[in-house]
Amino acid sequence: MNEYWPAWATEWLSVIVPAAQVLLIAAVAWLVQQVARRVMRRLGQQYLPAEMLAVTRRVTGFLIYAAAALLMLQVLGVSATVLWTAFTGFAAVAAVAFFAAWSVLSNIFCAVLIYTTRPFRLYERIELLENGDKPGLKGRVTDINVIYTTLQEERGNDEDASTLKIPNSLFFQRVVRRWAGNGTRSVTGAATRTEITRD
């Protein structure tokens, strides 16, 4: 049959046919989306609450248009295996990045809560309990930054003393025991005042 077609018509057909298929896929996806919206609107009037209806609409629209995009790419010659591999790789990287960013952001948010709600203050002795009856991480608060709270452990020898850097989010997941009114600043202040009076 190609003998009856000129060369330029064959070249145009190789462009027009995929373009027509892509337009047909887009039209079908739009029609399916409209039908899905009408069905959900009727379900929303009788069964579904408004919040759930909005989420269901977004998820359904995403699934329909994502399937249409995959079909369009397959029509244009992109392999489905390559697309699936790229999608899963991107999803894995996005998930890792999300969880990494989430842990950092949660610690920053918890630091703001520590500064505003004041569950403990600098130079106070606190203990982060694992359970109600088990001893936990204990020490004197020496620093509170946006990621960590630093505790100075109290031991008999100063050489054996160590510091603990605890993520701020842990203070809102476990019980905190607090000993108030025994900070070291008052001792330092008294020594300073004594030196001033001597001078």
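The values are calculated or read from the model by the stated rules, or taken from the named source; none is laboratory data. Note that the coordinates shown come from a computational prediction; the quantities given were computed from them, not determined experimentally. Quick reminder, even Gly has a Cβ in these numbers, built from the backbone with ideal geometry, and neighbours come from all protein chains shown.
Numerical summary
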item: Strands (runs of 3 or more DSSP E) completely within segment 61-177 that count 3 or more residues being of a type in the set (A, V, I, L, M, F, W, C), closer than 30 Å to Ala27 by Cα and assigned by TED's automatic domain parsing to the domain that holds Pro18; result: none
item: Ser14, sole failed condition from (1) touching a Gly at 6+ places or on another chain (Cβ under 9 Å); (2) at pLDDT below 85; (3) not aliphatic (A, V, I, L, M); result: (1)
item: Looking only at segment 119-147, and only at residues there that are under 15 Å from Leu170 (Cα atoms) and among the charged types (D, E, K, R), the one that is modelled with the lowest pLDDT; result: Glu130
